[in-house]
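Chemist: One structure is given below, represented as C-alpha cells, and several questions about it will come after.
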Amino acid sequence: MRAARGSSRQPASTALVVVSVWRTWPFALLCLTAGLQTIPNDLYEASAIDGASFWRQLRSVTLPMLRPVNQVLMLVLFLWSFNDFSTPYVLFGATAPHEADLISIHIYQSSFITWNFGLGSAMSVLLLLFLLIVTAVYLFGTSRRRSDA
C-alpha cells in the first residue's frame, strides 16, 4: 500500500522538475557557451605544452574559468524557480498537488481564490525579503572573493 501511495506523489513533482529544466536549459546553455568563448586559448595551449590531458584541462582550466558564470547562473535560476508561477499553474491549475505546491501557488490561492489579500501580500513581501537576503549573501560572497584575489 505504501508503494502505491508514494508512486502517486512522484509524477507531479517529476513533471514539474522536467518542465522547469526544459524551460531553463537553453538559457543555461547560452550562458555557459558565452563563458566558454571568453576563456583564452593561450591557457589551453600552455596546459597542453605542460602535458595536461583533456580531463586535466577541463578540471584545471575550464571549470575554474567558468566559476563566475556558473555562480551567476545558479543565482538567476534559483530566483527564477522561486518566482515561477506559470509552470505549476499551467500543469496543475489553481489546486496543485501537495508535492508540487510552490509558494507562488500559495500566494495566488490566498489572494485570488480565498480573497485574503492581506495574507497574500504578507507572503509576497516575505518571499521578496527572503530572495533579497539570498541575493545579498551571494553578492557579499562574490565581492569578498574578488577583493581577496
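Just so it is clear, none of the values below were taken in a lab; they were calculated from the coordinates. Note that the structure is predicted; figures quoted are calculated from it, not measured. Glycine also receives a Cβ, built like all others from the backbone with ideal geometry; neighbour counts cover every protein chain displayed.
Chemist: Nothing charged except the Cβ atoms of Lys and Arg (+1) and of Asp and Glu (-1): what's the magnitude of the dipole of the stretch 2-148 about its Cα centre? Round to the nearest 20 debye. Before the final figure, lay out each step's value.
Modeler: Values: 10 positive and 7 negative charges, 66 e Å.
So the dipole magnitude of the stretch 2-148 works out to roughly 320 debye.
Chemist: Along the charge dipole of the chain, pointing to its positive end and built from +1/-1 on Cβ of Lys, Arg, Asp and Glu, which listed residue (Y44, F85, P11) has its Cα farthest out?
Modeler: P11
Chemist: I need the Kirkwood Rh of the stretch 1-114: take the reciprocal of the average 1/r across all distinct C-alpha pairs and report it in angstrom.
Modeler: Working: mean 1/r = 0.0577 Å⁻¹.
It is 17.3 Å.
Chemist: Consider a paramagnetic label point 7 Å from the Cα of Q10 along Cα→Cβ; state which residues of the stretch 85-105 have an amide N under 16 Å from it.
Modeler: Label zone hits: 99-100.
Chemist: Right, next: How large is the helix-only mean residue ellipticity at 222 nm for the chain, computed as the sum of -39500 (n - 2.57) over DSSP H runs with n ≥ 4, divided by its residue count, in deg cm²/dmol to the nearest 500?
Modeler: Numbers: 7 runs with 115 residues, N = 149.
Per the formula, -25500 deg cm²/dmol.
Chemist: Between the helical axis of 117-148 and the dominant principal axis of the chain, each derived from Cα atoms, what acute angle in degrees is found, rounded to the nearest 10?
Modeler: Helix 117-148 sits at roughly 10 degrees to that axis.
Chemist: Would you mind ranking M123, M65 so that the residue whose beta carbon has the fewest other beta carbons within 10 Å leads the list? Write out the running numbers ahead of the final one.
Modeler: Values: M123 18, M65 15.
Listing M123, M65 from fewest to most nearby Cβ atoms yields M65, M123.
Chemist: Using the 10 angstrom Cβ neighbour count as an exposure proxy, how do D101, D42 rank, fewest first? Kindly include the intermediate steps, with their values, before the conclusion.
Modeler: Working: D101 17, D42 8.
Least to most surrounded, the residues fall as D42, D101.
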